[in-house]
Structures are given as C-alpha cells and as structure tokens.
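K.L.:
Let me give you the structure first, and then I'll get to my questions.
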Amino acid sequence: MKAKKTILTLVEILLIGVFLVSAYRIFHYYKEARENTALYGAMQEEKAELEQQAEGQKEEKTLTPKEKYGAFKEKNEDFIGWLTIEGTKVDYPVVQSEEPNYYLYRDFNKQNSRYGTLYLGEGCDWEKSDNLLIHGHHMRNGSMFATVAKYASEKFYEEHKIIRFDTMKGFGTYEIIAVLKVGLAEEEHFAYYDFIKAKSKKEYDAFISACKKRSLYDTGVSAKYGDRLITLSTCEYSVDEGRIVVVAKKTK
C-alpha cells in the first residue's frame with residue numbers, strides 16, 4: 001500500500017513538472033511574440049512618422065534614404081535596407097552580418113529570438129550583386145516572411161505583384177517574375193541560392209530560364225541581362241526542407 005502511494009506521488013510530481021515546463025514554454029512563446037511585434041512595430045512607426053513629417057511640410061519634401069533610414073543604421077551597423085510588400089505584414093529592416101546566418105535567430109538588437117531578422121545571404125553585396133537573396137522565417141503568427149509563402153497562390157500574387165526594397169543608397173521597386181517551390185532534400189534540387197553574380201549573359205539568362213520553367217504559374221514577366229534581381233526565400237512545409245522562393249526584377 002505504501003509503495004502504491006509512493007508511485008502515485010511520483011506520478012503526480014512528474015505530471016506537475018510536465019505541466020510547469022509546458023506552461024513556461026507557452027509563456028515564453030507568447031512573450032517572445034509580443035517582444036518581436038513591439039520591436040518591429042516601433043521601427044515601423046518611426047519610419048512612418050518621418051514620412052508623415054515630410055509630407056506635412058509646406059513644400060512637400062522627398063526624404064533621402066539617409067534621412068529615412070539613418071537612425072536604424074546608427075542603432076545597428078548591419079542595417080542595409082528596408083523591405084516592404086504593400087498590403088501585407090512584410091514591412092521590415094534587412095541586415096547583413098559578416099558571420100553567416102548570424103541573424104537567423106537574433107532580432108535587430110542582436111538579442112536571441114526565434115523570429116530572427118530578415119537578412120541578406122552570404123556572398124551578396126547589396127551594392128553590386130546581380131541577385132540579392134533575402135532570408136526570413138515563416139512564422140506561424142503571420143509575421144516575418146509568412147506572407148512570402150502565400151505567393152504559392154496565384155490569386156495572392158495578382159494582388160501583390162510589387163516588392164519595395166530600399167537601401168542606404170536609394171529606393172527600389174521590384175516586379176515579381178517567378179514563384180518557385182523547392183525541396184532542398186531532393187538530390188537534384190534547383191540551387192537558386194548559388195546565383196549571386198552572373199559571370200556572363202549566358203549564365204544570367206540560364207538562371208532566369210530555370211526560374212521561369214519552375215515557376216508555379218506564369219507571371220508574364222521576365223528579366224534581361226543587366227536587370228538587378230531580388231530573391232525572397234522562406235520555409236515551405238508541404239515538402240521535406242521546402243522553400244518558397246520569390247524572384248523579382250528591379251524596375252526603378
């Protein structure tokens with residue numbers, strides 16, 4: 001009888017322990033979500049206030065990239081630009097570190113975060129590369145690059161064809177040319193992430209052709225040698241180690 005009570009007590013302790021651990025994880029998950037929303041929400045508001053101030057002047061002023069984004073560069077020297085897809089939650093700073101994947105699980109303030117920060121891929125030069133590869137997490141709460149995964153739907157694409165990516169040197173508008181689904185676990189998957197700088201027109205054209213061929217639908221838009229590209233990449237869960245990849249060309 002005593003042994004039975006001891007076993008029951010141990011089971012109760014174990015269940016309480018499991019409950020406490022689960023409760024802590026849930027609390028931490030939502031706490032981190034609130035902190036992430038607050039951090040990037042404050043940055044978005046700061047940017048919006050500058051835009052409103054410029055529009056509210058007697059002689060409407062067009063902000064320079066330095067005026068619009070200089071404060072973010074001062075806060076974090078790794079800041080390289082700002083990515084926006086109008087009508088969606090994508091409205092975030094983009095960073096680049098000398099350490100590969102440094103921002104995969106760090107926020108803009110370099111604090112640990114499962115949300116990470118949108119970051120430019122290894123080997124990319126934001127001023128010179130033919131293709132700027134930007135990574136971001138597909139978060140379940142719809143933040144970061146969760147929106148990018150929605151491009152699997154042609155209807156969503158029809159409503160959001162344009163991507164804006166501003167840098168410290170200028171403002172940029174990009175038009176989507178292809179949307180791909182890539183399974184990185186496949187032995188002969190399309191290595192889109194390797195295309196950063198074209199060695200020749202032939203190599204550039206081959207990349208565009210490969211993207212168009214694999215696109216989930218025809219956008220009716222292509223790119224020619226010399227056009228600068230931007231590629232957004234995030235996780236896609238219908239295939240093993242899947243990625244949704246959105247490729248766009250700079251139009252102005």
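We did not get these values from a lab; they are worked out from the coordinates using the rules stated. Note that the coordinates shown come from a computational prediction; the quantities given were computed from them, not determined experimentally. Note that we place each Cβ from the backbone using ideal geometry, even for glycine, and neighbour counts take in every protein chain shown.
K.L.:
Cβ under 15 Å from residue 189's Cβ, residue 189 left aside: what net charge do those residues give with Lys, Arg +1 and Asp, Glu -1? Could the numbers behind the result be given before it?
P.N.:
Values: positive: 181, 213, 214, 243; negative: 186, 187, 188, 194, 236, 240, 241.
Combined, the nearby Lys, Arg, Asp and Glu give -3.
K.L.:
Give the separation of the Cα centroids, the range 196-252 to the range 155-186, in Å.
P.N.:
With the range 196-252 and the range 155-186 each reduced to a Cα centre, they are spaced 9 Å.
K.L.:
Check residue 81: other-chain or 5+ apart residues with amide H under 5 Å from its amide H, H built from backbone geometry?
P.N.:
Residues meeting the amide H criterion: 94.
K.L.:
Let me ask another. Applying a 10 Å radius around every beta-carbon, put 77-85, 117-125 in order of their mean neighbour count, most first.
P.N.:
Values: 77-85: 21.0, 117-125: 19.4.
In decreasing order of mean packing, 77-85, 117-125 become 77-85, 117-125.
K.L.:
Could you give each residue of the range 226-238 its phi-based ³J(HN,Hα) in whole Hz, using Karplus coefficients 6.51, -1.76, 1.60 with θ = phi - 60°, and x for Gly or Pro?
P.N.:
Values per residue, Gly and Pro as x: x, 5, 7, 10, 10, 10, 9, 10, 8, 5, 9, 9, 7 Hz.
K.L.:
For the range 206-221, take each phi angle, set θ = phi - 60°, evaluate the Karplus expression 6.51 cos²θ - 1.76 cosθ + 1.60, and give the result in whole Hz per residue in order, putting x for glycine and proline.
P.N.:
Going residue by residue, I get 5, 5, 4, 4, 5, 5, 5, 5, 8, 4, 5, 7, 8, 7, x, 10 Hz, with x marking Gly and Pro.
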